[in-house]
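Colleague: One structure is given below, represented as C-alpha coordinates, and several questions about it will come after.
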(Lines give C-alpha, C1' and ligand atoms only; values in the text may rest on other atoms or scores of the structure.)
Protein backbone atom coordinates (compact mmCIF):
# COMPACT_ATOMS: atom_id res chain seq x y z
CA UNK A 1 0.00 0.00 0.00
CA UNK A 2 2.79 2.43 1.00
CA UNK A 3 4.63 3.14 -2.22
CA UNK A 4 8.28 3.61 -3.12
CA UNK A 5 7.34 4.96 -6.56
CA UNK A 6 7.72 8.65 -7.44
CA UNK A 7 4.74 10.90 -6.73
CA UNK A 8 2.41 11.55 -9.66
CA UNK A 9 2.86 14.94 -11.30
CA UNK A 10 -0.95 15.15 -11.65
CA UNK A 11 -3.99 12.99 -10.94
CA UNK A 12 -4.91 10.51 -13.67
CA UNK A 13 -8.41 9.05 -13.72
CA UNK A 14 -8.66 5.35 -14.54
CA UNK A 15 -5.08 4.60 -13.52
CA UNK A 16 -3.03 3.73 -10.47
CA UNK A 17 -1.64 6.95 -8.99
CA UNK A 18 1.13 7.44 -6.44
CA UNK A 19 -0.04 10.31 -4.24
CA UNK A 20 1.05 11.91 -0.96
CA UNK A 21 -1.18 11.84 2.12
CA UNK A 22 -1.61 15.57 2.54
CA UNK A 23 -4.35 16.20 5.13
CA UNK A 24 -6.90 14.49 7.33
CA UNK A 25 -10.61 15.41 7.32
CA UNK A 26 -13.86 14.02 8.72
CA UNK A 27 -14.49 12.30 5.38
CA UNK A 28 -11.05 10.76 4.91
CA UNK A 29 -7.54 11.62 3.75
CA UNK A 30 -6.90 14.06 0.94
CA UNK A 31 -4.12 12.79 -1.32
CA UNK A 32 -2.02 15.22 -3.34
CA UNK A 33 -0.17 15.13 -6.65
CA UNK A 34 2.93 17.23 -7.29
CA UNK A 35 0.88 19.93 -9.06
CA UNK A 36 -1.13 20.50 -5.86
CA UNK A 37 -4.32 18.82 -7.05
CA UNK A 38 -6.06 16.66 -4.45
CA UNK A 39 -8.42 13.70 -4.31
CA UNK A 40 -10.32 12.14 -1.40
CA UNK A 41 -9.49 8.69 -0.04
CA UNK A 42 -12.66 7.86 1.95
CA UNK A 43 -12.45 6.66 5.56
CA UNK A 44 -13.49 3.14 4.56
CA UNK A 45 -10.08 2.61 2.93
CA UNK A 46 -7.94 4.19 5.65
CA UNK A 47 -5.75 2.19 8.03
CA UNK A 48 -4.13 4.90 10.13
CA UNK A 49 -1.35 2.71 11.54
CA UNK A 50 -0.22 1.80 8.02
CA UNK A 51 -0.79 5.21 6.40
CA UNK A 52 1.26 7.89 8.19
CA UNK A 53 0.72 11.50 7.14
CA UNK A 54 3.10 12.56 4.37
CA UNK A 55 3.66 9.04 3.04
CA UNK A 56 3.01 7.99 -0.55
CA UNK A 57 0.16 5.63 -1.44
CA UNK A 58 -0.68 3.69 -4.59
CA UNK A 59 -4.38 4.22 -5.27
CA UNK A 60 -6.78 3.81 -8.17
CA UNK A 61 -8.71 6.92 -9.23
CA UNK A 62 -12.26 6.81 -10.60
CA UNK A 63 -15.34 9.04 -10.27
CA UNK A 64 -18.12 8.70 -7.72
CA UNK A 65 -21.89 8.91 -8.31
CA UNK A 66 -21.61 12.70 -8.57
CA UNK A 67 -18.72 12.45 -11.08
CA UNK A 68 -16.14 13.66 -8.57
CA UNK A 69 -12.69 12.00 -8.64
CA UNK A 70 -12.24 9.62 -5.72
CA UNK A 71 -9.38 7.35 -4.65
CA UNK A 72 -9.55 3.71 -3.57
CA UNK A 73 -7.00 1.16 -2.41
CA UNK A 74 -9.05 -1.52 -4.20
CA UNK A 75 -8.00 -2.39 -7.72
CA UNK A 76 -10.53 -2.91 -10.55
CA UNK A 77 -10.54 -5.96 -12.79
CA UNK A 78 -9.21 -3.72 -15.58
CA UNK A 79 -7.88 -0.17 -15.76
CA UNK A 80 -8.16 2.55 -18.42
CA UNK A 81 -7.16 1.15 -21.82
CA UNK A 82 -7.37 -2.45 -20.62
CA UNK A 83 -9.83 -5.24 -21.43
CA UNK A 84 -11.81 -7.53 -19.18
CA UNK A 85 -14.69 -10.00 -18.96
CA UNK A 86 -17.42 -8.37 -16.89
CA UNK A 87 -20.78 -9.49 -15.49
CA UNK A 88 -23.84 -7.29 -16.02
CA UNK A 89 -25.48 -6.45 -12.68
CA UNK A 90 -28.10 -3.89 -13.76
CA UNK A 91 -29.78 -2.62 -16.91
CA UNK A 92 -31.54 0.68 -17.59
CA UNK A 93 -33.13 2.25 -20.65
CA UNK A 94 -29.94 4.29 -21.17
CA UNK A 95 -27.35 1.56 -20.66
CA UNK A 96 -26.01 -1.27 -18.53
CA UNK A 97 -23.87 -1.55 -15.42
CA UNK A 98 -21.20 -4.21 -14.86
CA UNK A 99 -19.25 -5.33 -11.82
CA UNK A 100 -15.60 -4.36 -12.26
CA UNK A 101 -14.44 -4.89 -8.69
CA UNK A 102 -15.17 -1.42 -7.27
CA UNK A 103 -18.07 -0.10 -5.15
CA UNK A 104 -19.42 1.91 -8.09
CA UNK A 105 -20.33 -0.30 -11.04
CA UNK A 106 -18.99 0.54 -14.51
CA UNK A 107 -21.47 2.09 -16.94
CA UNK A 108 -21.87 0.78 -20.50
CA UNK A 109 -23.86 3.31 -22.59
CA UNK A 110 -26.33 1.96 -25.14
CA UNK A 111 -24.18 3.49 -27.87
CA UNK A 112 -21.26 1.29 -26.77
CA UNK A 113 -23.19 -2.00 -26.90
CA UNK A 114 -23.18 -4.19 -29.98
CA UNK A 115 -26.17 -6.08 -28.54
CA UNK A 116 -28.60 -5.54 -25.70
CA UNK A 117 -26.96 -6.73 -22.50
CA UNK A 118 -28.61 -9.25 -20.19
CA UNK A 119 -28.26 -9.17 -16.41
CA UNK A 120 -26.02 -12.01 -15.23
CA UNK A 121 -24.33 -12.46 -18.60
CA UNK A 122 -20.64 -11.68 -19.15
CA UNK A 123 -19.16 -9.52 -21.91
CA UNK A 124 -15.70 -8.57 -23.14
CA UNK A 125 -15.25 -4.81 -22.67
CA UNK A 126 -12.58 -2.15 -22.87
CA UNK A 127 -12.28 0.58 -20.23
CA UNK A 128 -12.48 4.07 -21.79
CA UNK A 129 -12.51 7.68 -20.58
CA UNK A 130 -14.90 10.44 -21.66
CA UNK A 131 -12.46 13.34 -21.90
CA UNK A 132 -15.21 15.94 -21.60
CA UNK A 133 -16.83 14.64 -18.41
CA UNK A 134 -13.94 12.69 -16.90
CA UNK A 135 -16.18 9.64 -16.57
CA UNK A 136 -14.95 6.11 -17.10
CA UNK A 137 -17.14 3.79 -19.16
CA UNK A 138 -16.95 0.45 -20.89
CA UNK A 139 -17.35 -0.34 -24.56
CA UNK A 140 -18.07 -3.55 -26.44
CA UNK A 141 -16.96 -1.89 -29.68
CA UNK A 142 -13.28 -2.70 -29.33
CA UNK A 143 -12.13 -3.09 -32.94
CA UNK A 144 -11.08 0.52 -33.45
CA UNK A 145 -8.74 0.40 -30.46
CA UNK A 146 -6.41 -2.32 -31.75
CA UNK A 147 -2.86 -1.11 -32.37
CA UNK A 148 -1.73 -1.33 -36.01
CA UNK A 149 1.86 -0.30 -35.27
CA UNK A 150 3.70 -3.63 -35.19
CA UNK A 151 7.20 -2.23 -34.56
CA UNK A 152 9.13 -4.18 -31.96
CA UNK A 153 7.06 -7.33 -32.41
CA UNK A 154 8.87 -10.52 -33.41
CA UNK A 155 8.39 -14.31 -33.36
CA UNK A 156 8.57 -15.87 -29.88
CA UNK A 157 7.92 -12.56 -28.11
CA UNK A 158 6.00 -13.34 -24.93
CA UNK A 159 2.65 -11.62 -24.47
CA UNK A 160 -0.26 -11.66 -22.04
CA UNK A 161 -3.52 -12.42 -23.83
CA UNK A 162 -7.22 -12.24 -22.99
CA UNK A 163 -9.46 -14.69 -24.87
CA UNK A 164 -12.31 -12.62 -26.33
CA UNK A 165 -14.22 -14.84 -28.79
CA UNK A 166 -14.54 -18.36 -30.23
CA UNK A 167 -14.28 -18.59 -34.02
CA UNK A 168 -14.36 -21.51 -36.48
CA UNK A 169 -10.55 -21.44 -36.56
CA UNK A 170 -9.85 -21.07 -32.86
CA UNK A 171 -9.95 -18.24 -30.35
CA UNK A 172 -9.59 -14.53 -30.95
CA UNK A 173 -7.52 -12.73 -28.30
CA UNK A 174 -6.34 -9.30 -27.26
CA UNK A 175 -2.57 -9.38 -26.72
CA UNK A 176 -0.92 -7.01 -24.22
CA UNK A 177 -4.13 -4.90 -24.22
CA UNK A 178 -3.16 -3.64 -27.70
CA UNK A 179 -3.10 -6.16 -30.52
CA UNK A 180 -5.64 -8.46 -32.13
CA UNK A 181 -4.47 -12.05 -32.34
CA UNK A 182 -5.55 -15.64 -32.90
CA UNK A 183 -4.90 -18.96 -31.18
CA UNK A 184 -5.66 -21.86 -33.54
CA UNK A 185 -7.66 -24.90 -32.42
CA UNK A 186 -5.14 -27.43 -33.73
CA UNK A 187 -2.41 -25.88 -31.57
CA UNK A 188 -4.35 -25.70 -28.30
CA UNK A 189 -3.77 -28.61 -25.91
CA UNK A 190 -5.35 -27.33 -22.72
CA UNK A 191 -8.80 -26.18 -21.61
CA UNK A 192 -9.55 -22.66 -22.83
CA UNK A 193 -12.58 -20.38 -22.79
CA UNK A 194 -13.63 -16.79 -23.42
CA UNK A 195 -12.43 -14.61 -20.55
CA UNK A 196 -9.32 -16.68 -19.81
CA UNK A 197 -6.00 -14.91 -19.45
CA UNK A 198 -3.01 -16.77 -20.83
CA UNK A 199 0.67 -16.37 -21.59
CA UNK A 200 1.28 -16.68 -25.35
CA UNK A 201 4.06 -16.31 -27.88
CA UNK A 202 4.06 -14.67 -31.31
CA UNK A 203 4.29 -17.10 -34.21
CA UNK A 204 3.67 -14.66 -37.06
CA UNK A 205 3.23 -10.91 -37.37
CA UNK A 206 0.73 -10.67 -40.21
CA UNK A 207 0.41 -8.03 -42.89
CA UNK A 208 -3.18 -7.36 -41.87
CA UNK A 209 -1.91 -6.07 -38.49
CA UNK A 210 -2.93 -9.18 -36.60
CA UNK A 211 -0.88 -11.77 -34.72
CA UNK A 212 -0.83 -15.54 -34.97
CA UNK A 213 -0.02 -16.76 -31.47
CA UNK A 214 0.84 -19.99 -29.70
CA UNK A 215 0.49 -21.00 -26.07
CA UNK A 216 3.92 -22.65 -26.33
CA UNK A 217 7.30 -21.02 -27.06
CA UNK A 218 8.63 -21.44 -30.59
CA UNK A 219 11.88 -23.29 -31.32
CA UNK A 220 13.65 -26.62 -30.86
CA UNK A 221 13.43 -26.74 -27.06
CA UNK A 222 9.98 -25.29 -27.29
CA UNK A 223 8.87 -28.22 -29.45
CA UNK A 224 10.08 -30.65 -26.79
CA UNK A 225 8.30 -28.67 -24.08
CA UNK A 226 5.22 -28.41 -26.29
CA UNK A 227 5.07 -32.19 -26.76
CA UNK A 228 5.32 -32.77 -23.01
CA UNK A 229 2.71 -30.10 -22.29
CA UNK A 230 0.45 -31.61 -24.92
CA UNK A 231 0.57 -35.11 -23.40
CA UNK A 232 -0.02 -33.77 -19.88
CA UNK A 233 -2.87 -31.54 -21.02
CA UNK A 234 -4.64 -34.38 -22.81
CA UNK A 235 -4.22 -36.62 -19.79
CA UNK A 236 -5.87 -33.96 -17.61
CA UNK A 237 -8.73 -33.53 -20.08
CA UNK A 238 -9.33 -37.30 -20.12
CA UNK A 239 -9.42 -37.86 -16.39
CA UNK A 240 -5.71 -38.47 -15.85
CA UNK A 241 -5.32 -41.69 -17.85
CA UNK A 242 -5.12 -42.67 -21.54
CA UNK A 243 -4.82 -46.12 -23.19
CA UNK A 244 -1.42 -45.47 -24.78
CA UNK A 245 2.06 -46.98 -24.24
CA UNK A 246 5.36 -47.24 -26.11
CA UNK A 247 3.76 -49.98 -28.23
CA UNK A 248 0.65 -48.05 -29.30
CA UNK A 249 -0.31 -47.82 -32.96
CA UNK A 250 1.48 -44.93 -34.75
CA UNK A 251 -1.73 -43.70 -36.41
CA UNK A 252 -3.58 -43.67 -33.09
CA UNK A 253 -0.71 -41.71 -31.53
CA UNK A 254 -0.76 -39.20 -34.38
CA UNK A 255 -4.52 -38.79 -34.14
CA UNK A 256 -4.56 -38.26 -30.37
CA UNK A 257 -1.33 -36.35 -29.76
CA UNK A 258 -0.27 -35.00 -33.14
CA UNK A 259 3.15 -36.66 -32.62
CA UNK A 260 5.13 -39.27 -34.48
CA UNK A 261 5.63 -42.53 -32.59
CA UNK A 262 9.34 -41.72 -32.20
CA UNK A 263 8.63 -38.31 -30.66
CA UNK A 264 5.84 -39.78 -28.53
CA UNK A 265 8.17 -42.41 -27.06
CA UNK A 266 10.82 -39.76 -26.38
CA UNK A 267 8.21 -37.59 -24.68
CA UNK A 268 6.95 -40.46 -22.52
CA UNK A 269 10.49 -41.24 -21.37
CA UNK A 270 11.10 -37.61 -20.44
CA UNK A 271 7.85 -37.36 -18.49
CA UNK A 272 8.47 -40.65 -16.68
CA UNK A 273 12.00 -39.50 -15.75
CA UNK A 274 10.50 -36.26 -14.37
CA UNK A 275 7.98 -38.21 -12.33
CA UNK A 276 5.09 -36.50 -14.12
CA UNK A 277 3.46 -39.69 -15.43
CA UNK A 278 3.36 -43.39 -14.63
CA UNK A 279 3.53 -46.12 -17.29
CA UNK A 280 1.11 -48.97 -16.66
CA UNK A 281 0.70 -52.17 -18.66
CA UNK A 282 -1.88 -50.77 -21.08
CA UNK A 283 -1.97 -47.06 -20.33
CA UNK A 284 -0.23 -43.94 -19.14
CA UNK A 285 -1.43 -42.06 -16.07
CA UNK A 286 -0.70 -38.77 -14.39
CA UNK A 287 1.52 -39.40 -11.34
CA UNK A 288 -0.77 -37.27 -9.19
CA UNK A 289 -3.89 -39.31 -9.97
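The values are calculated or read from the model by the stated rules, or taken from the named source; none is laboratory data. Bear in mind the structure is a predicted one, so any value in this text is a computation, not a measurement. Please note: Cβ atoms are built from the backbone with ideal geometry, for glycine as well, and neighbour counts cover all protein chains shown.
Colleague: Please indicate, with yes or no, whether at least one residue in segment 21-42 is surrounded by fewer than 14 Cβ atoms within 10 Å (Cβ to Cβ) and under 30 Å from the mean Cα position of the chain (by Cα).
Modeller: Within segment 21-42, not a single residue is surrounded by fewer than 14 Cβ atoms within 10 Å (Cβ to Cβ) and under 30 Å from the mean Cα position of the chain (by Cα).
Colleague: Among (1) at pLDDT 90 or above; (2) at negative phi; (3) surrounded by 14 or more Cβ atoms within 10 Å (Cβ to Cβ), where does residue 251 come up short?
Modeller: (3)
Colleague: To continue, here is another question. With the requirement that a residue be assigned to a loop (DSSP other than H, G, I, E, B) and over 18 Å from residue 27 (Cβ atoms), what does segment 67-87 give you?
Modeller: 75, 76, 77, 78, 79, 80, 81, 82
Colleague: Looking at 192, 202 in this structure, which one is part of a loop (DSSP other than H, G, I, E, B) and either surrounded by fewer than 15 Cβ atoms within 10 Å (Cβ to Cβ) or at pLDDT 90 or above (or both)?
Modeller: 192
Colleague: Among the residues of segment 89-114, how many are over 21 Å from residue 72 (Cα atoms) and in a loop (DSSP other than H, G, I, E, B)?
Modeller: Residues flagged as over 21 Å from residue 72 (Cα atoms) and in a loop (DSSP other than H, G, I, E, B) within segment 89-114 amount to 4.
Colleague: Collect the residues in segment 122-168 that are out of contact with any helix residue (DSSP H, G or I) (no Cβ under 9 Å at 6 or more places or on another chain), within 19 Å of residue 107 (Cβ to Cβ) and part of a loop (DSSP other than H, G, I, E, B), keeping them in residue-number order.
Modeller: Across segment 122-168, the qualifying residues are 130, 131, 132, 133, 134, 135, 142.
Colleague: Also, I was wondering about something else. Give just the number: which of (1) in contact with a helix residue (DSSP H, G or I) (Cβ under 8 Å, 6 or more places away or on another chain); (2) assigned by TED's automatic domain parsing to the domain that holds residue 280; (3) touching a residue at least 24 places away in the same chain (Cβ under 8 Å) does residue 248 not satisfy?
Modeller: (3)
Colleague: Tell me, yes or no, whether segment 138-154 has at least one residue that is surrounded by fewer than 16 Cβ atoms within 10 Å (Cβ to Cβ), closer than 22 Å to residue 233 by Cα and at pLDDT 95 or above.
Modeller: Within segment 138-154, none of the residues are surrounded by fewer than 16 Cβ atoms within 10 Å (Cβ to Cβ), closer than 22 Å to residue 233 by Cα and at pLDDT 95 or above.
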